[in-house]
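Visitor: Here it is: the structure, laid out below.
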Amino acid sequence: MKHECRQCGECCRWPGHVLLSDRDVADLARVLQLSESDFVARHARLASNRAQLSLKEKPDGSCELLEGNVCAVYEARPAQCRDFPSGWNVPGECK
């Protein structure tokens, strides 16, 4: 399935975890020009499964790396984000 992003940002405003792999942490830290430990301290939290890290969210539930309707780290976005919408999707028009 080919999905053409409309840059609406809805997939980044859905509350829930964006689980991070070790590779995701390394890539995001590199793009943000942070050490991995600084990235984790600033942008990650323990997921509710208590086994993985998750990106922090803004108070409204959106991803804290969302700027307007655009991902601030698109080229290094986590695997979970890359899998949208074929691996998962949100209710509404983004399908």
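Visitor: Mind listing whichever residues of region 54-80 are open to solvent by 50 Å² or more (accessible area, probe 1.4 Å), touching a residue at least 12 places away in the same chain (Cβ under 8 Å) and in a loop (DSSP other than H, G, I, E, B)?
Guide: Result: Lys56, Asp60, Glu64, Gly68, Asn69.
Visitor: In region 22-47, which residues are in contact with a strand residue (DSSP E or B) (Cβ under 9 Å, 6 or more places away or on another chain) and either open to solvent by less than 60 Å² (accessible area, probe 1.4 Å) or part of a loop (DSSP other than H, G, I, E, B) (or both)?
Guide: Listed by number, the residues that qualify are Asp24, Val25, Leu28, Val40, His43, Ala44, Ala47.
Visitor: For region 30-51, which positions are in contact with a Ser or Thr (Cβ under 8 Å, 6 or more places away or on another chain) and within 15 Å of Ala79 (Cβ to Cβ)?
Guide: Ala44, Ala47
The values are calculated or read from the model by the stated rules, or taken from the named source; none is laboratory data. This one's a predicted model, so the numbers in the text were calculated from it and none came from an experiment. A quick note on method: Cβ atoms are made from the backbone with ideal geometry, for glycine too, and the neighbour counts reach across all protein chains shown. Just so you know, the surface numbers come from the protein's heavy atoms only, side chains and all, with ligands and any DNA or RNA stripped out. Shrake-Rupley method; radii C 1.70, N 1.55, O 1.52, S 1.80 Å.
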